[in-house]
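Each remark here refers to the structure printed beneath this line.
The values are calculated or read from the model by the stated rules, or taken from the named source; none is laboratory data. Only a predicted model underlies this, so the values are computations on that prediction, with no experimental measurement involved. Cβ coordinates were reconstructed from backbone atoms using ideal geometry, including for glycine residues, and neighbour counts include every protein chain displayed.
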Amino acid sequence: MEKFLAKYGLFIAALIAVLGIMSFFFLKPQNLVPEKCSIQGFGCNGVELSQEKGRLSLALSNGAEKGVVLKSITATSTDAGIKDSGIECRKEFSDIWQFATGKHMAQGETAEIILECTGVSSNLVHSGNIRLAVNLLWHPDDTSEAGARKTAGEIITDIRP
């Protein structure tokens, strides 16, 4: 056993060092986290953050027991793997539904939501997954705007060109 370690020990140590260096440069931990979209009480999928268009698009489904009126939705980056990317996305709904201002969604309805974004730079494209903190302001469609609720969520996605 001592002869084996003496003969191959240096080779094994060098191999471990090379693998460690390669994993540091090529395997970014933020790329190992799968993409996701979760907003409590709502379904969320089909997320795409486009650098060229400066937009975040997603399919939002009303999972509530009744219709809702969406007032606004924001998504703000919490990190870009290692550093804060400064991405801010926002959508204010200005539709008029009955006496409320906002986007009406019936129970179970799915709608494509497009948020305008700032801070989506080309150097962040394919740099790994970005984590966005989501805040959705809404109220049930049978209550007034005074009963607005804020729901938090999270999006993890890559920036596409």
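Screening Ala80 on (1) at pLDDT below 90; (2) surrounded by fewer than 16 Cβ atoms within 10 Å (Cβ to Cβ) shows it passes everything except condition (2).
For the subset of the range 143-161 comprising residues that are among the polar types (S, T, N, Q) and part of a strand (DSSP E or B), which member is nearest to Ser77 (Cα to Cα)? Once the filter is applied, the top-ranked residue is Thr157. Remark: Lys71 falls outside the filter, which requires a residue to be modelled with pLDDT under 90 and among the basic types (Lys, Arg). Checking each residue in the range 32-58 for being within 18 Å of Met105 (Cβ to Cβ) and assigned to a loop (DSSP other than H, G, I, E, B) picks out Gln40, Gly41. Against the definition (of a type in the set (S, T, N, Q), more than 14 Å from Arg160 (Cβ to Cβ) and modelled with pLDDT of 95 or more), how does Thr110 come out, yes or no? Taking the combined requirement at face value, the residue satisfies it.
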